[in-house]
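A short worksheet on the structure shown next.
The values are calculated or read from the model by the stated rules, or taken from the named source; none is laboratory data. In this text the structure is predicted, and so the values were computed from the model without any measurement. In this analysis, Cβ positions are derived from the backbone assuming ideal geometry, glycine residues included, and neighbour counts consider all displayed protein chains.
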Amino acid sequence: MDAQLKKGFLELVVLAALKHEDSYGYKIIQDVSSVMELSESTLYPILKRLLEQGYADVYTTEYLSRLRKYYRITNRGQQKLKEAQIDFEEIKSIYEFILK
Amino acid sequence: MTKYEFLHKLNLELLKNKCPDPKEVLSYYEEIIADAIDSGANEETFIHELGSVEKICRYIQKDDSFVEKVKAKEPIKLQTVFSTSVRIIGYLIFLWFVVIMGSVGVSLLASGFSLFGFAFFRLIQSAYDLNAIFLFVGLLLMGSGIVLLGITLFRWLIKESRPKLEQLLEMIQQWIRKGE
């Protein structure tokens, strides 16, 4: 996939990984890897951006005597996913036009 | 490399390059590594797969400057074109420099070893001639010195050029991907 196109999708894919349950860095990578290649160094800036833009928030929980950061999708993030769904329909029709 | 060695190296790299939020970056990688190990991954293999600390740091810096530019909505098109040409010229000069320094290093090693070998064998042959012994011991030391100089030059060259060569390879990979 084109790098720029992939970059555009990555934020949404990470956000979608948080849609059903809160998750942590390593698990997000594992979940997303079935649909898209995502490295640890790529995930860090994406999470940072999602937090800064208010699409996700973070909390810390103790796990096996250490602290683990969990990321949670916010209402704004849910809204962003809904908007993406509308965008997807548009993208789909563009692709259908290109491939016609 | 162990987790602590990796985190120590990453910390030094982040501080050296003034990367934003170094503590946050370290805590992120510490957690990722701990989770990978808890999930059964091999510590050294996983850390190896994370890539070099230089690459991680560059990635963070690149993303940060991209976000800053988008936030400021800078007209970056012309600037990008300009910086690409400057980068290409820079890399060509750098490659030329590496080749020259590498040749100097090879010459030093070759001449050092030759001098050392020559002095060593002549020293064995003239075991009873005091003047010759002084002369060839001197040449032996000189040969060792030149070899050491060559090794030092190579080590310095590898240390200095590795991050730049990685950057260059990354850039070429990006071009190839764009071309596909």
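Scoring A:Arg72 on the criteria (1) touching a strand residue (DSSP E or B) at 6+ places or on another chain (Cβ under 7 Å); (2) within 14 Å of chain B (Cβ to nearest Cβ); (3) charged (D, E, K, R) leaves a single failure, condition (2).
Mind counting the residues in region B:6-58 that are among the basic types (Lys, Arg) and within 10 Å of chain A (Cβ to nearest Cβ)?
Of all residues in region B:6-58, those among the basic types (Lys, Arg) come to B:9, B:16, B:18, B:23, B:55, B:58.
Those left that are additionally within 10 Å of chain A (Cβ to nearest Cβ): B:55, B:58.
Going through region B:6-58 one residue at a time, the tally reaches 2.
Of (1) aliphatic (A, V, I, L, M); (2) within 10 Å of chain B (Cβ to nearest Cβ); (3) more than 25 Å from B:Cys57 (Cα to Cα), A:Leu81 satisfies all except one. Which? All conditions pass for A:Leu81, except number (2). All conditions but one from (1) small (Gly, Ala, Ser); (2) outside any helix (DSSP H, G or I); (3) at pLDDT 90 or above apply to B:Ala127; the one that does not is (3).
For region A:24-39, a tally of residues being at the interface with chain B (Cβ under 8 Å from one of its Cβ atoms) and either in contact with a Phe, Trp or Tyr (Cβ under 7 Å, 6 or more places away or on another chain) or over 17 Å from B:Phe46 (Cα atoms) (or both) returns 2.
Checking region B:60-75 against the condition returns no match, with no residue being modelled with pLDDT of 85 or more and either in contact with a Ser or Thr (Cβ under 7 Å, 6 or more places away or on another chain) or away from chain A (no Cβ under 14 Å) (or both).
Of B:Phe134, B:Phe118, all but one fail to be farther than 30 Å from B:Leu168 by Cβ and surrounded by 14 or more Cβ atoms within 10 Å (Cβ to Cβ); the exception is B:Phe118. For region A:54-69, the criterion of being away from every other protein chain (no Cβ under 11 Å) and part of a helix (DSSP H, G or I) is met by no residue. The set of residues from region A:70-90 being under 13 Å from the mean Cα position of the chain (by Cα) and part of a strand (DSSP E or B) comprises A:Tyr71, A:Arg72, A:Ile73. Residue count for region B:33-61 under the criterion of being within 16 Å of A:Ser41 (Cα to Cα), touching a residue at least 12 places away in the same chain (Cβ under 8 Å) and assigned to a helix (DSSP H, G or I): the result is 14.
Of the residues that make up region B:78-90, is at least one of a type in the set (Val, Ile, Thr), modelled with pLDDT under 65 and exposed (fewer than 15 other Cβ atoms within 10 Å of the Cβ)? Outline the logic, then answer.
Taking region B:78-90 and keeping what is of a type in the set (Val, Ile, Thr), we get B:80-81, B:84, B:86, B:88-89.
The next check asks that each one be modelled with pLDDT under 65; those that pass are B:80-81.
Narrowing further to those that are exposed (fewer than 15 other Cβ atoms within 10 Å of the Cβ): B:80-81.
The answer is yes; a qualifying residue exists.
The condition of being more than 14 Å from chain B (Cβ to nearest Cβ), touching a helix residue (DSSP H, G or I) at 6+ places or on another chain (Cβ under 9 Å) and within 26 Å of B:Lys55 (Cβ to Cβ) holds for only one of A:Leu43, A:Leu12, A:Leu18, that being A:Leu12.
Looking across region B:8-45, the residues that are surrounded by fewer than 18 Cβ atoms within 10 Å (Cβ to Cβ) and hydrophobic (A, V, I, L, M, F, W, C) come down to B:Leu12, B:Leu15, B:Leu26, B:Ile37, B:Ala41. The set of residues in region A:43-53 that are surrounded by 13 or more Cβ atoms within 10 Å (Cβ to Cβ) and in a helix (DSSP H, G or I) comprises A:Leu43, A:Tyr44, A:Pro45, A:Ile46, A:Leu47, A:Lys48, A:Arg49, A:Leu50, A:Leu51. Entry remark, region A:54-90: residues being exposed (fewer than 14 other Cβ atoms within 10 Å of the Cβ) and of a type in the set (A, V, I, L, M, F, W, C) number 5 in total.
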